[in-house]
Amino acid sequence: MKNRNQALAALAVASMLLSGCAAATGSVSAPSAVSATAPSAASPEAGHTDSQGGGHHGGGTSSPGATKDGPSDAALMVCGDQPMDRLTSILNLKEDPHTINDWANNTFTCTYHLNEGALTISVHEAVDKASALTYFNAMQALAKDATPIEGLTNLGFPAYETDDGSAVFQKDAFVLHVDATDLPATIGPENITRNALAYQLSSTILACWIEHP
């Protein structure tokens, strides 16, 4: 309860970054290919599902862990309405970008194909919070030029960013990674930096996970 209250307070401070997390209709389909291999710091590509417009999905549970049948509802949300709407708003896109999603090594990945390059959002689902933190710490140790995100801007969770445009947060059994490294240094009509884009999308997703526990 204490961590939840701290996170909610931090999100209030960061409210200008958030577009809200309204429940959405429809659903995102999980990929048909499911890997039963152990987690690794870099998840290999598996089978994938193409979707025009990224699909749609409302909020889901925040700490179920992965199952052999596929990703949780909360993990699927990274390819759903909220991040898609936030992305199209920030970049002033006229239509939703094409997306591909896959599930491998207990990691659900959604790739947004923008004209400027690929934006990848992934969620690694560990068996529990301690395992997720271990995975997060390993990612941070391996990341080049990783800088901890501290104070209210980390929204109450372990977090770090890299100079080339990645933001990584650990919440409960999840490790969220927004990877904008394939994009130019600045993007969109407001010339937002790829680091700021990665952070804002992370904030949107975390807000949904808190609002819909």
Order the following by accessible area, largest value first: 94, 171, 129, 144. Probe radius 1.4 Å; ligands, DNA and RNA are ignored.
94, 144, 129, 171
Paramagnetic label zone (point 7 Å from Cα along Cα-to-C-beta, residue 147; backbone N under 11 Å) in segment 159-182
161-165
Name the shape class, rounded, prolate or oblate, that the alpha-carbon gyration tensor gives for segment 127-213, where a ≥ b ≥ c are the square roots of its eigenvalues, rounded holds for a/c under 1.5, and otherwise prolate holds if a/b is larger than b/c and oblate otherwise.
oblate
For 181, 111, 204, give me the order by solvent-accessible area with a 1.4 Å probe, most accessible first, ignoring ligands, DNA and RNA.
181, 111, 204
Sequence order, segment 84-95: Karplus ³J(HN,Hα) from phi using 6.51 cos²θ - 1.76 cosθ + 1.60, θ = phi - 60°, Hz rounded, Gly and Pro as x, gives 5, 5, 5, 5, 5, 6, 4, 8, 6, 7, 7, 8
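The values are calculated or read from the model by the stated rules, or taken from the named source; none is laboratory data. Small disclaimer: the values here were computed from a predicted structure and weren't measured. FYI the Cβ positions are ideal-geometry reconstructions off the backbone, even for glycines, and counts take in every protein chain you see. For accessibility, only protein heavy atoms count, side chains too; no ligands or nucleic acids. Shrake-Rupley method; radii C 1.70, N 1.55, O 1.52, S 1.80 Å.
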